[in-house]
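What follows is a set of notes on a single structure, which appears directly below.
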Amino acid sequence: MELRSVEELMDLLHACRGAWDAPNLPHSRLRSSGGTPMGGPVDLHDHALQTAALLRRGHPSDKELQVAGLVHDIGHLLRPGDDAGHADHAADAVRPLLGERVSRLVRLHVAAERYLATTSPGRGLSPQSALTLTVQGGAMTPREAAAFEHDPLSEDAVTLRQADDAGKVVGLDAGIMEDWRTVLELVAAQHSRLGA
Ligand SMILES: [Fe+2]
Ligand SMILES: [Fe+2]
């Protein structure tokens with residue numbers, strides 16, 4: 001599916017409240033036999049806000065990088081349960097609205113995770129992230145890592161991924177979703193082939 005307007009994207013981002021990522025399992029938060037919730041430590045709404053806020057802090061002028069961080073996990077809502085394909089679903093959905101660079105950064109956030117697993121193997125993933133990494137193909141081979149480094153967007157994709165990994169802090173206030181509407185409209189106005 002392709003998103004047709006910022007309005008539609010905002011609706012999807014708001015719908016991330018109470019939605020969780022969980023590998024190959026339906027969208028709502030699952031519970032283990034002991035009643036402990038599974039999925040990420042924060043819901044996809046807070047995760048999106050935290051990831052985008054971290055990128056805004058580190059790269060205040062790169063609005064595309066920030067909105068890529070904001071939307072990178074909407075694939076979990078577009079196709080619940082398809083964890084392995086979530087980056088591609090999100091990238092395809094935002095491309096007509098937010099442009100090629102945002103789309104590619106979103107698509108690369110899984111590859112960047114696999115790249116970092118190869119180049120920084122000791123970075124201490126949570127059990128959830130380790131499981132997700134396995135579902136998504138595990139660490140890259142040296143040849144895959146070399147090909148990834150060759151991509152002109154690889155450095156930005158790694159930056160996004162580091163914010164992604166850090167943007168999972170329970171109770172951290174990273175602002176409200178509505179604050180991003182004008183930023184999304186700005187990026188959309190620059191890139192939309194729909195003439196937004
Ligand atoms: Fe993701
Ligand atoms: Fe994420």
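The values are calculated or read from the model by the stated rules, or taken from the named source; none is laboratory data. Given the structure is predicted, the values throughout are model-derived calculations rather than measurements. All Cβ positions, glycine included, derive from the backbone under ideal geometry; neighbour counts span all protein chains shown. Surface areas here come from the heavy atoms of the whole protein model, side chains and all, with no ligands, DNA or RNA. Shrake-Rupley method; radii C 1.70, N 1.55, O 1.52, S 1.80 Å.
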Exercise for the section: Quote the charge dipole size of the chain about the Cα centre in Debye, to the nearest 20; the model charges only the Cβ of Lys and Arg (+1) and of Asp and Glu (-1). Expected result: 240
Exercise for the section: Towards the positive end of the charge dipole of the chain, with charges on Cβ (+1 Lys, Arg; -1 Asp, Glu), say which of Gly81, His191, Leu105 has the farthest Cα. Expected result: Gly81
Fill in the blank from the handout: Among the Cα-Cα pairs of the stretch 6-193, the proportion with separation greater than 24 Å, in percent, is 33
Problem - Glu185/Thr141 FRET efficiency (R0 35 Å; Cβ-Cβ; nearest 0.05) - result: 0.30
Completion exercise
In terms of the charge dipole of the chain, which places +1 on Lys and Arg and -1 on Asp and Glu at the beta carbon, the residue among Val6, Leu160, Ser129 farthest towards the positive end is Ser129
Problem - Highest-first arrangement of 135-146, 87-98, where packing means the average Cβ count within 10 Å - result: 87-98, 135-146
Exercise for the section: Step through the residues of the stretch 66-81 one at a time and calculate ³J(HN,Hα) from phi using the Karplus curve (6.51 cos²θ - 1.76 cosθ + 1.60, θ = phi - 60°), rounding each to whole Hz and writing x for Gly and Pro. Expected result: 4, 6, 4, x, 5, 9, 4, 10, 5, x, 5, 8, 5, 9, x, x
Problem - Accessible surface, per residue, of the chain when the full set of protein chains is kept, probe 1.4 Å, Å² - result: 47
Handout entry: Fraction of accessible area attributable to carbon and sulfur, the chain (%, probe 1.4 Å)
Key = 54
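If each DSSP helix of 4+ residues adds -39,500 (n - 2.57) and the sum is divided by the residues in the chain, what number results at 222 nm, nearest 500 deg cm²/dmol? Spell out each step's value before the answer.
On the way: 10 runs with 112 residues, N = 196.
Dividing the helical sum by the residues of the chain leaves -17500 deg cm²/dmol.
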